[in-house]
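Some notes on the structure that comes next.
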Amino acid sequence: MKKFVVLLIIVAGWISFSAAQIKPPVARIIPKADTLHGDIRVDNYHWLRDESRTDPQVVKYLEAENAYTDEEMKPTVAFQETLYNEMIGRIKETDEEPPYREGNYFYYSRTEKGKEYSIYCRKKKTANAPEEIYLDPNEMSKGVRFYRVFQREVSPDGNLLAFSVDTNGSENYVLYVKNLVAGTMMSDRIENTQNITWAADNKTLFYT
């Protein structure tokens, strides 16, 4: 019982010391009223919305939140590393998904050890044909801190790839089209998209 009491005192003391040394940042309250269907809603933190990420005050506050989190989590850094290494040790880093057939191609994705993103590939007509990498986010994400491919849709004839990408974590995806025959990107791009699908004419693209 004495050991338990001593342990509680030590933990309580650490929490007290931690609380005394580290103060969490407090977001400013700036009320913003919106009226919809006659209802008035007040958002005190509208100024922190995604579109405000270039606002110096928003950036300053988020940096303060990150600094506070890092300081609070310092005692667990070694444990975090242990957990990470254990999880990685249970994952097959170099792996390949079973291919599926669509049109004249077998499509699949694979991963390589040391690379962060899946590599998207296909083989023409047979699963034993030479591999064609039609999209490699590992190459496309160079120089970007965040990169997520959301939608991937190949035209029915297999010649064009429509895909959407988020490069800042906002989930506002930019739609691109790649010519798979020439291996080049088209200059057109559409901001803030979600779902995409091709029409049967291989040139009409629907999106939301």
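General remarks:
One line per residue, one yes/no per condition, for (1) more than 30 Å from ARG122 (Cβ to Cβ); (2) open to solvent by 90 Å² or more (accessible area, probe 1.4 Å); (3) within 21 Å of the chain's Cα centre (by Cα):
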site: ALA27; (1), (2), (3): yes, no, no
site: LEU48; (1), (2), (3): yes, no, yes
site: GLU63; (1), (2), (3): yes, yes, yes
site: THR82; (1), (2), (3): yes, no, no
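- In this structure, ARG49 does not satisfy being closer than 30 Å to ASP136 by Cβ and not acidic (Asp, Glu).
- Subset of region 88-107 that is under 26 Å from TYR176 (Cβ atoms) and in a strand (DSSP E or B) - its residue that is nearest to the chain's Cα centre (by Cα): GLU96
- Options ARG110, ARG122: the member that is farther than 28 Å from THR204 by Cβ, touching a residue at least 12 places away in the same chain (Cβ under 8 Å) and not in a loop (DSSP other than H, G, I, E, B): ARG110
- Single match in LEU83, LEU160 (criterion: within 26 Å of PHE206 (Cβ to Cβ) and not small (Gly, Ala, Ser)): LEU160
- When the residues of region 116-147 are filtered to those that are of a type in the set (Gly, Ala, Ser) and at pLDDT 90 or above, the one that is surrounded by the most Cβ atoms within 10 Å (Cβ to Cβ) is SER118.
- Once region 95-110 is narrowed to residues that are closer than 13 Å to THR126 by Cα and hydroxyl-bearing (Ser, Thr, Tyr), the residue that is surrounded by the fewest Cβ atoms within 10 Å (Cβ to Cβ) is TYR100.
- When the criteria are applied in full, LYS113 meets the requirement of being touching an Asp or Glu at 6+ places or on another chain (Cβ under 8 Å) and either under 30 Å from ALA182 (Cα atoms) or open to solvent by less than 50 Å² (accessible area, probe 1.4 Å) (or both).
The values are calculated or read from the model by the stated rules, or taken from the named source; none is laboratory data. Note that the coordinates shown come from a computational prediction; the quantities given were computed from them, not determined experimentally. Ideal geometry is used to build each Cβ from the backbone, glycine not excepted, and the neighbour counts take in all protein chains shown. Only protein heavy atoms, including side chains, enter the accessible area calculation; ligands, DNA and RNA are left aside. Shrake-Rupley method; radii C 1.70, N 1.55, O 1.52, S 1.80 Å.
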